[in-house]
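Engineer: Got a structure for you, questions after.
The values are calculated or read from the model by the stated rules, or taken from the named source; none is laboratory data. No experiment lies behind these values; they were computed from the predicted model shown. No Cβ is skipped: glycine too gets one built from the backbone with ideal geometry, and neighbour counts run over all protein chains shown. Heads up: the accessible areas ignore ligands, DNA and RNA and are worked out on the full protein's heavy atoms, side chains in. Shrake-Rupley method; radii C 1.70, N 1.55, O 1.52, S 1.80 Å.
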Amino acid sequence: MEKNRGLAIVTGASQGIGATIAKGLANDGYRVVLIARNRQNLDKVYDEIIESDDNTFEPVVLPLDITDYTKLDNAIRDISQKYGTIDILINSAALFVDGSLNEPVDNFRKIIETNVIAQYAILKTVTEIMRIQRNGYIFNIASRAAKYGFPGGGIYGSTKFAFAGLAESLYRELAPLGIRVTSLCPGWVNTEMAKSAGTPLKDEEMIQPDDLLNTVRYLLNLSENVCIKEIVLEMKKSII
């Protein structure tokens with residue numbers, strides 16, 4: 001018999017952290033909604049979930065650009081009406097741009113659009129639904145760059161600082177309503193994004209995507225009376 005643990009929406013689900021968490025939650029008995037721009041990669045994640053030996057529900061594939069706020073809002077509301085609740089949101093979609101003041105203003109605006117404004121739009125829609133439910137769990141995949149400013153990392157870091165600030169306010173506002181919000185702030189994670197960003201570390205020296213999945217699992221298994229604002233995951237090599 002299938003174990004129905006609820007519905008989980010995952011943005012950035014086509015690769016990296018988002019794909020790993022989506023596949024893990026599906027194997028744990030959640031129906032997952034896969035959101036990202038790349039349909040081909042989403043279909044690959046879909047196939048991997050369907051072909052898993054564990055009993056899983058058929059995932060929902062939504063090839064959407066999260067900066068198309070109207071389409072995203074409508075899609076999330078349709079999902080909520082069809083399946084009844086939204087139990088989990090994994091906010092994982094993001095862009096990385098290197099540097100601090102080296103990009104034109106329009107490029108800075110573009111990354112803010114994805115890493116901050118789109119997150120605001122998703123949270124606005126999902127929290128409205130969760131407020132009516134009076135339950136739910138929101139996981140914001142931020143970054144260690146949301147906690148520490150690094151030379152040459154001002155563009156990306158500033159967007160993550162903003163994202164973490166919004167998340168902390170929601171953490172305090174929504175807890176009394178039965179909605180938990182946790183930000184996960186990892187250092188370099190072994191993903192294609194990290195490699196394209198020029199990480200100096202070997203694969204085995206980085207945090208693994210499964211570490212993020214297992215952190216989410218740990219948090220979901222805590223009692224509903226426990227609220228954790230954030231977890232910073234640092235690499236052993238980065239601790240001084």
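Engineer: Considering only residues that are touching a residue at least 40 places away in the same chain (Cβ under 8 Å) and in contact with a Ser or Thr (Cβ under 6 Å, 6 or more places away or on another chain), look in segment 8-51 and name the one that is nearest to Y83 (Cα to Cα).
Structural biologist: I35
Engineer: For segment 116-141, how many residues meet the condition of being within 17 Å of D78 (Cα to Cα) and of a type in the set (G, A, S)?
Structural biologist: 1
Engineer: From the set of residues in segment 42-57 that are in a loop (DSSP other than H, G, I, E, B) and open to solvent by less than 50 Å² (accessible area, probe 1.4 Å), which is modelled with the lowest pLDDT?
Structural biologist: Ranking the qualifying residues of segment 42-57, first place goes to T56.
Engineer: Still on this structure: For segment 97-109, give me each residue that is outside any helix (DSSP H, G or I) and open to solvent by 70 Å² or more (accessible area, probe 1.4 Å).
Structural biologist: D98, L101, N102, P104
Engineer: Could you identify the single residue in A145, A167 that is open to solvent by less than 50 Å² (accessible area, probe 1.4 Å), in contact with a Cys (Cβ under 9 Å, 6 or more places away or on another chain) and assigned to a helix (DSSP H, G or I)?
Structural biologist: A145
Engineer: Could you tell me which numbered condition S169 fails, if it satisfies all but one of (1) within 13 Å of A94 (Cβ to Cβ); (2) among the hydroxyl-bearing types (S, T, Y); (3) out of contact with any Phe, Trp or Tyr (no Cβ under 7 Å at 6 or more places or on another chain)?
Structural biologist: Exception for S169: condition (1).
Engineer: Here is a further query. Only residues that are more than 19 Å from the chain's Cα centre (by Cα) and among the small types (G, A, S): list them for segment 1-57, please.
Structural biologist: S52
Engineer: Let me ask you something else. Out of T182, T215, T159, which single residue is in a helix (DSSP H, G or I) and either within 20 Å of G24 (Cβ to Cβ) or free of Cβ contacts under 8 Å to residues at least 40 places away in the same chain (or both)? It would help to see each step written out before you state the result.
Structural biologist: Details: T182 fails: in a helix (DSSP H, G or I); T159 fails: either within 20 Å of G24 (Cβ to Cβ) or free of Cβ contacts under 8 Å to residues at least 40 places away in the same chain (or both).
Sole residue among the options that is in a helix (DSSP H, G or I) and either within 20 Å of G24 (Cβ to Cβ) or free of Cβ contacts under 8 Å to residues at least 40 places away in the same chain (or both): T215.
Engineer: Looking at E205, E224 in this structure, which one is over 20 Å from T20 (Cβ atoms), in contact (Cβ under 8 Å) with a residue 12 or more places away in the chain, open to solvent by 40 Å² or more (accessible area, probe 1.4 Å) and not basic (K, R)?
Structural biologist: One residue alone meets the criteria, E224.
Engineer: Checking the conditions here, which among Y120, Y69, Y137 is farther than 17 Å from A175 by Cα, hydroxyl-bearing (S, T, Y) and touching a Leu at 6+ places or on another chain (Cβ under 8 Å)?
Structural biologist: Y120
Engineer: Hey, another quick one. What residue, among those in segment 58-96 that are among the polar types (S, T, N, Q) and in a loop (DSSP other than H, G, I, E, B), is least open to solvent (accessible area, probe 1.4 Å)?
Structural biologist: First, pick out the residues of segment 58-96 that are among the polar types (S, T, N, Q): 67, 70, 74, 80-81, 85, 91-92.
Subset that is in a loop (DSSP other than H, G, I, E, B): 67, 85, 92.
Values: T67: 40, T85: 52, S92: 21 Å².
Of everything passing the filter in segment 58-96, S92 is least open to solvent (accessible area, probe 1.4 Å).
Engineer: While we're looking at this one, here's another question. Give segment 24-41 a look and list any residue that's under 20 Å from M193 (Cβ atoms) and surrounded by 24 or more Cβ atoms within 10 Å (Cβ to Cβ), or say none. Please lay out each step first, then the result.
Structural biologist: Applying the first criterion (under 20 Å from M193 (Cβ atoms)) to segment 24-41 yields 24, 34-41.
Result: L34, I35, A36.
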